[in-house]
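Written out below as C-alpha cells is the structure these notes cover.
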Amino acid sequence: MDLYLENIVDHGRNPRNFGPPLDPADIDYADENPFCGDYLHLTAQLDDEGRVKAVSWEGHGCTISQASASMLGEQMIGKTLDELQHFDRQDLLDLLGIELSPTRLKCALLSLKVLKAGAYGLHAWTGEDES
C-alpha cells in the first residue's frame with residue numbers, strides 16, 4: 001500500500017485531536033459537506049502569544065474528510081492566526097499526498113473550509129476561496 005494512502009487510513013481510523021469542543025475556544029466553527037453529509041466541528045485555543053496551543057474536532061464522514069481534519073489539526077499546533085489564514089488548499093492537498101476526484105476534493109477541503117471560517121471569525125464561509 002502506498003505510504004500516503006497508509007497515512008490517510010491511519011488518520012481516518014485513529015484521528016488525532018478528536019474529541020469534544022474546547023471551552024473556552026478562540027476558534028469555534030462547524031460546517032458540513034451538503035453533497036455527502038460529512039460534518040466537522042473544529043475548536044482551538046490560543047496561548048498568550050496568539051499561537052494555537054490546543055485543537056479539538058469532532059464530526060463524521062468518509063475516511064478522506066476525517067483524515068484531512070486529523071492532519072490539519074496536527075499542523076495547527078504552534079501556528080498563529082495569521083499563519084492559519086495563509087494555510088491554503090495546496091498545503092492541505094500536499095499533506096494528503098494523493099490525487100483526488102472532484103467529489104473527494106470537497107471531502108478533503110471541508111476541514112480547511114472550517115478552519116478558514118473559524119480563523120477569520122466568520123459566521124458563513126462559502127469555501128470557494130480556499131486557495
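Nothing in this text is a laboratory measurement; each read-out follows from the coordinates by a stated rule. Small disclaimer: the values here were computed from a predicted structure and weren't measured. No Cβ is skipped: glycine too gets one built from the backbone with ideal geometry, and neighbour counts run over all protein chains shown.
Quick rundown of the values:
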quantity	calculated
Of (i) 42, 27, 25; (ii) 45, 36, 28; (iii) 54, 26, 18, the label for Cα extents along the principal axes in Å derived from the coordinates	(i)
Lys, Arg +1 and Asp, Glu -1 on Cβ, resulting dipole of the chain about Cα centre, debye, nearest 20	280
Angle in degrees between helix 102-119 and the longest Cα principal axis of the chain, rounded to the nearest 10	10
Dipole of the stretch 3-119, positive direction: furthest Cα of 101, 85, 73, with charges on the beta-carbon	101
Nonlocal amide H pairs with residue 38, under 5 Å, H built at 1.01 Å	33
Sorted peptide list for 59-71, 101-113, criterion being average Cβ within 10 angstrom, highest first	59-71, 101-113
